[in-house]
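In what follows, a single structure is set out as structure tokens and then discussed.
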Amino acid sequence: MAPGASIEQVERVINRITSDYGLRCETIVSGTTVIGVKGIASVIDDGRITELPGVDRVIRITEKYKDASRNFHKDDSIVTIGGRVNVGGGNLTFFGGPCAIESEKQSIESAMMAKETGVDVLRAFVDKSRTSPYDYRGLELQKGLEIAAAMKQATGLPTVSELIDLRHLDAFLNAGIDVIQVGARSAQYSPLLEELSRIDTPVVLKHGFGNDLNEWLCAAAYIMSGIDREGRVTGSGNRNVILCYRGIKSFESETRFGADAGMIPLVRMRSHLPLLADPSHSGGDRKLVERMTYAFVAAGAQGVEFDIHNNPAEALCDGKQAVQHEAGRIIQTARKIHSMLDGIGIETGSSIAVAAK
Ligand code: PEP
Ligand code: MN
């Protein structure tokens, strides 16, 4: 509270916190009054407190993204896909396949190619969010889902697919999609995040290209928390959240997005959730994909998601950034880098030197 805040003003703040948010308060008076809040303070909208008369400021001691934070869950989380593919911890998991389902032939051929290269989870993208809405956005829903099921059947691999339209969720699940992807453009679309918190199907949450780390992890924590739009805990939430970094808008126009390798160890420090990176949608050019994959894995990514297409020259969607058979070499080399760096913690350098003293 600001110096000189009245007892009535203090009471009004306490009343707002306890009755609006159902949290407990502890007040410390020593010259100025400090109101401590106990409970899941993520639900508090700071502005609804700072606007009250007599309030000086709101200071968060714990992150708003509590469920996703490593401060509340020390060990890496592991998400299991389709009962057999583990993501997170010491695993290195590859998600790959065509950017979009374009036709049955293209999808099955791309899927078989992706399987041969050694991917663990197959991209089977029915709905597409694109740079421009005029760009190719996928086949008609039922046709797309039939092909997605055929890709799964032909390869025996679990599938990941981006959900854009909330009304398609049941159809996706009924068609056997194993992982729901939230695209960069939907990363803060709260109705979608809320719906995904009610199921336990694994979710890949892309990093919105206009979002900072806090916004990204808040979206992840929201899926995990099971808190509804009125701030009430309505379910146990969906713990099976996987993060995927894909870079942000930058002033550099020659890469598609600006991907900061430093974000990889930083996010690993801040969150226990499995972290993938996407060298296709960040670099936007197949010539960059191989080296970027190695950089992400060396930086601590626990997996990579990338575009593999049977015939990039004819692709309707993102052919320029898709790789072909060379994905096999990329995966194998990345696995070597991963095992070579096994045992190196996420915090290195000066933090270890200081801790050792
Ligand atoms: C994708 O993975 O197909 C995609 C569109 O990526 P993003 O949402 O990160 O742009
Ligand atoms: Mn794409």
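Within region 11-24, which residues are open to solvent by less than 70 Å² (accessible area, probe 1.4 Å) and under 19 Å from Arg232 (Cβ atoms)?
Answer for region 11-24, where residues must be open to solvent by less than 70 Å² (accessible area, probe 1.4 Å) and under 19 Å from Arg232 (Cβ atoms): Arg16, Ile17, Thr18, Tyr21, Gly22, Leu23.
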**Request:** Filter region 112-153 for residues that are of a type in the set (A, V, I, L, M), under 18 Å from Gln321 (Cβ atoms) and away from ligand 2 (no atom under 16 Å from the Cβ) and give the result.
**Result:** Met113
**Request:** Filter region 153-163 for residues that are buried (at least 21 other Cβ atoms within 10 Å of the Cβ) and within 22 Å of Met112 (Cα to Cα) and give the result.
**Result:** Leu157, Pro158, Thr159, Val160, Ser161, Glu162
**Request:** Could you grab me the full set of residues in region 125-156 that are within 21 Å of the chain's Cα centre (by Cα) and not small (Gly, Ala, Ser)?
**Result:** Phe125, Val126, Asp127, Lys128, Arg130, Thr131
**Message:** Can you tell me which residue is farthest from Ser129 (Cα to Cα) among those in region 199-231 that are open to solvent by 50 Å² or more (accessible area, probe 1.4 Å) and either within 16 Å of ligand 2 (Cβ to nearest atom) or free of Cβ contacts under 8 Å to residues at least 24 places away in the same chain (or both)?
**Reply:** Glu230
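Residues checked against (1) touching an Asp or Glu at 6+ places or on another chain (Cβ under 6 Å); (2) over 29 Å from Glu102 (Cα atoms); (3) more than 16 Å from ligand 2 (Cβ to nearest atom); (4) not acidic (Asp, Glu):
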{"site": "Ser280", "(1), (2), (3), (4)": "yes, no, no, yes"}
{"site": "Met292", "(1), (2), (3), (4)": "no, no, no, yes"}
{"site": "Phe306", "(1), (2), (3), (4)": "no, no, no, yes"}
{"site": "Asn310", "(1), (2), (3), (4)": "yes, no, no, yes"}
{"site": "Thr333", "(1), (2), (3), (4)": "no, yes, yes, yes"}
{"site": "Asp342", "(1), (2), (3), (4)": "no, yes, yes, no"}
**Asked** With Leu166, Leu196, Leu145 as the choices, which residue is over 25 Å from Ala259 (Cα atoms) and open to solvent by 10 Å² or more (accessible area, probe 1.4 Å)?
**Response** Leu166
**Request:** Tell me which residues, restricted to region 91-107, are surrounded by fewer than 22 Cβ atoms within 10 Å (Cβ to Cβ), away from ligand 2 (no atom under 16 Å from the Cβ) and either in contact (Cβ under 8 Å) with a residue 60 or more places away in the chain or within 14 Å of Asp120 (Cα to Cα) (or both).
**Result:** Asn91, Leu92, Thr93
**Scope region 235-262; condition surrounded by 15 or more Cβ atoms within 10 Å (Cβ to Cβ), part of a loop (DSSP other than H, G, I, E, B) and away from ligand 2 (no atom under 16 Å from the Cβ); matching residues** = Gly237, Asn238, Arg239, Asn240, Ala261
**Asked** Looking at region 108-119, which of the residues that are within 16 Å of ligand 1 (Cβ to nearest atom) and not hydroxyl-bearing (Ser, Thr, Tyr) is surrounded by the fewest Cβ atoms within 10 Å (Cβ to Cβ)?
**Response** Val119
**Request:** Scan region 277-330 for residues that are assigned to a loop (DSSP other than H, G, I, E, B), buried (at least 24 other Cβ atoms within 10 Å of the Cβ) and within 13 Å of ligand 1 (Cβ to nearest atom) and report the count.
**Result:** 3
**Request:** Sort through Thr62, Thr27, Thr32, Thr80 and tell me the only one that's open to solvent by 50 Å² or more (accessible area, probe 1.4 Å), closer than 29 Å to Leu193 by Cβ and more than 18 Å from the chain's Cα centre (by Cα).
**Result:** Thr62
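The values are calculated or read from the model by the stated rules, or taken from the named source; none is laboratory data. Just so we're clear, the structure is a prediction, and the values are computed from it rather than from any experiment. Note: ideal-geometry Cβ built from the backbone for every residue, glycine included; neighbour counts use all protein chains shown. Remember, those area values only see protein heavy atoms, side chains included, never the ligands or the DNA or RNA. Shrake-Rupley method; radii C 1.70, N 1.55, O 1.52, S 1.80 Å.
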